[in-house]
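Undergrad: First the structure, then my questions, so here it is.
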Amino acid sequence: MLKKLFKSFRSPLRRAQTKSTPQVLSSSQHPIKRSEISRYAISVVERLQQAGYQAYLVGGCVRDLLLDIDPKDFDVATSATPEQVRAEFRNARIIGRRFKLVHVHFGREIIETATFRANHPQDDEEEDSHLSSRNESGRILRDNVYGTLEDDAQRRDFTINALYYDPVTERILDYANGAHDIHNHLVRLIGDPTQRYQEDPVRMLRAVRFAAKLDFDIEKHSAAPIYKLAPLLAGVPAARLFDEVLKLFLSGYAIYTYELLVDYGLYGQLFPASAAALKQNPDYTDTLIRNALGNTDLRIQQGKTVTPAFLFAALLWPALPARVIRLQERGMPPIPAMQEAAHELISEQVQRIAVPKRFTLPIREIWDMQERLPRRSGKRADLLLENPRFRAGYDFLLLRESAGEQTGGLGDWWTDYQDANDSERRGMIRDLSSKDEGPNAPRKRRRSGSKRKRSGADGAAQPAAD
Ligand code: ATP
Ligand code: MG
């Protein structure tokens, strides 16, 4: 009955529909080899099938294998309920916030096993109105109704994510023409795009994420509503957006992802202050963000770690000067104004995206370091070098310079200082004492007029305003 309801809403021309009988690709019709698949994932599927349940590999792993990409992980979909799955394995645990899933553990590897689910019934089918499954904008709030394999295909987001692979028969079941879209490099929503974005606005971010990661286009009917619906992201819990934003920017394709987010009007929903800075001071802001994301992509390619704090520090930094100036105009001295602006900016941002304290604290430290790096006299430089945040602060300084900020060669100075031996270092500090040292130089050397002009060139910690 539910299926009928959905079909009656659909115009067959524009919407990718799931079929009741899938297209079946036999092993000779697709390139996936059993040997490319985690043996644990295969054993979970085999075990469930032997116990009489349906079970398949599904989602990202099938999509990625078809594209010759190494899957991040292997997910299983099954007709068995979580309790039934758990009963089959000694090493299985039921987890779940939004919905129940089973994690089957094999040493470090986890095979996530989910029961087939259906799209949620419409509100008017709900018995208890305050348990309503959708809010006014159509967003699904609960999503935990089990269903058939076909239902499961239909509730998935994109056609390319709705392919089911059976490692026993080595066949792929394709309910939504996903193989065709993989072939044509298209990210296409299943069902009516507007409705699917309204149900879950995060799908707009996922469309961008997959387009960037796979270098696919977003199919035009799936792309068209995004710009208009982007404001729906405001209704998504900030904690979920944090998870999604990390996936967006730590995928190894952050620059392209950023471009798409900006083009589709999504960036401003995630980072309103940063988007405002992009308008006010476009060249500097865009260069700084691109360079930060480029570094991130490179580090990920090289298998190095990346810290989200550095990334957030960069995305927000260009939004600081306007705020600092506003506070200074109200009579606040520069350093407290900078502190207050930083505090304001982060407080506003965490309401949108719940960046945890373990990241917001380092953001502040990286920014604070920008004020300290110009002050090098006496023992200060050596103390800074010992600071655990020095490296991030120094990298951040170089990032600012790469975006065109004038610091009077502060980055080079620090580069040289790190390479220098003790006596060279003493010489470098001596050389400094004859020059002005920036905003916190000893008072007696402060001269009005000429000082103000030069403070930028000395590496004052405020980002370039227009
Ligand atoms: P990745 O390689 O990034 O893990 P993935 O496709 O596996 O990509 P996941 O977030 O792990 O993405 O989700 C697994 C599967 O669950 C997806 O392939 C998709 O079928 C389904 N899915 C995930 N999120 C949604 C959503 N918001 N709406 C509908 N289906 C979703
Ligand atoms: Mg996945």
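Undergrad: How long is the gain from Ser26 to Ala224 if the chain were fully straight, where each residue apart is worth 0.36 nm and the alpha carbon distance is subtracted?
TA: Numbers: separation 198, 0.36 × 198 = 71.28 nm, distance 3.47 nm.
Computed gain between Ser26 and Ala224 is 67.8 nm.
Undergrad: Please compute the modelled spin-label separation between Ala276 and His105, points set 7 Å along Cα→Cβ, answer in nm with one decimal.
TA: 4.7
Undergrad: Using modelled backbone amide H atoms (1.01 Å from N, in-plane), which distant-in-sequence or interchain residues come within less than 5 Å of Arg171's amide H?
TA: It is Asp166, by chain and number.
Undergrad: Nearest 0.05, what FRET efficiency do Asp68 and Ala239 give at R0 = 41 Å with Cβ-Cβ as r? List each step's numbers first, then the result.
TA: On the way: r = 34 Å, r/R0 = 0.83.
So, using R0 = 41 Å, E works out to roughly 0.75.
Undergrad: Next up: Between Asp217 and Asp416, what is 0.36 nm times their sequence separation minus the Cα-Cα distance? Round to one decimal in nm. Provide the component values of the computation, followed by the final result.
TA: On the way: separation 199, 0.36 × 199 = 71.64 nm, distance 4.56 nm.
The Asp217-Asp416 span can extend by a further 67.1 nm.
Undergrad: Can I ask one more? Treat each spin label as a single point 7 Å out from the Cα along the C-beta direction, and report the Lys247 to Glu259 distance in nm.
TA: 2.3
Undergrad: Grab the beta carbon distance between Arg326 and Arg39, set R0 = 51 Å, and tell me the FRET efficiency rounded to 0.05. List each step's numbers first, then the result.
TA: Working: r = 60 Å, r/R0 = 1.17.
In this case the efficiency is close to 0.30.
Undergrad: Hey, what do the phi angles of the stretch 228-245 turn into as Karplus ³J(HN,Hα) couplings, whole Hz, using 6.51/-1.76/1.60 and θ = phi - 60°, x for Gly and Pro?
TA: Those phi angles translate into 6, 8, 3, x, 4, 4, 4, x, 8, x, 4, 5, 5, 5, 4, 4, 5, 5 Hz.
Undergrad: What are the ³J(HN,Hα) values, in whole Hz, obtained from phi via the Karplus relation 6.51 cos²θ - 1.76 cosθ + 1.60 with θ = phi - 60°, for each residue of the stretch 294-308 in sequence order, with x given for Gly and Pro?
TA: Those phi angles translate into x, 4, 4, 4, 5, 4, 5, 4, 7, x, 8, 7, 10, 9, x Hz.
Undergrad: How about the stretch 204-310: which trypsin sites (Lys or Arg not before Pro) there lie in a loop by DSSP and see at most 11 other Cβ atoms within 10 Å? Don't jump to the answer; show the numbers that get you there.
TA: Numbers: sites: Arg206, Arg209, Lys213, Lys220, Lys228, Arg240, Lys247, Lys279, Arg290, Arg299, Lys304; in loops: Lys304.
Answer in residue order: Lys304.
Undergrad: Once amide H atoms are placed 1.01 Å from N in the peptide plane, what residues at a sequence separation of 5 or more from Ile190, or on another chain, have their amide H within under 5 Å of its amide H?
TA: The answer is Phe158, Thr159.
Undergrad: Right, next: When the Karplus curve 6.51 cos²θ - 1.76 cosθ + 1.60 is applied with θ = phi - 60°, which whole-Hz ³J(HN,Hα) does each residue of the stretch 51-68 get, with x for Gly and Pro?
TA: 7, x, 9, 7, 7, 9, 7, 8, x, x, 5, 5, 4, 5, 4, 5, 9, 6
Undergrad: So how far apart, in nm, are the two label points at Leu385 and His183 if each is 7 Å from Cα heading toward Cβ?
TA: Distance between the two pseudo-spin positions: 6.3 nm.
Undergrad: Here is a further query. Could you tell me which of the pairs Lys33/Lys304; Lys247/Lys304; Lys72/Lys213; Lys213/Lys357; Lys19/Lys220 are separated by over 24 angstrom between their Cα atoms in the structure shown? Walk me through the intermediate numbers first.
TA: Values: Lys33/Lys304 30 Å; Lys247/Lys304 16 Å; Lys72/Lys213 12 Å; Lys213/Lys357 29 Å; Lys19/Lys220 21 Å.
Beyond 24 Å between Cα atoms: Lys33/Lys304; Lys213/Lys357.
Here, each number is a calculation from the coordinates, and none is a lab measurement. What you see is a predicted model, and the numbers here were worked out from it, not measured in a lab. Every residue, glycine among them, receives a Cβ derived from its backbone with ideal geometry; neighbour counts consider all protein chains shown.
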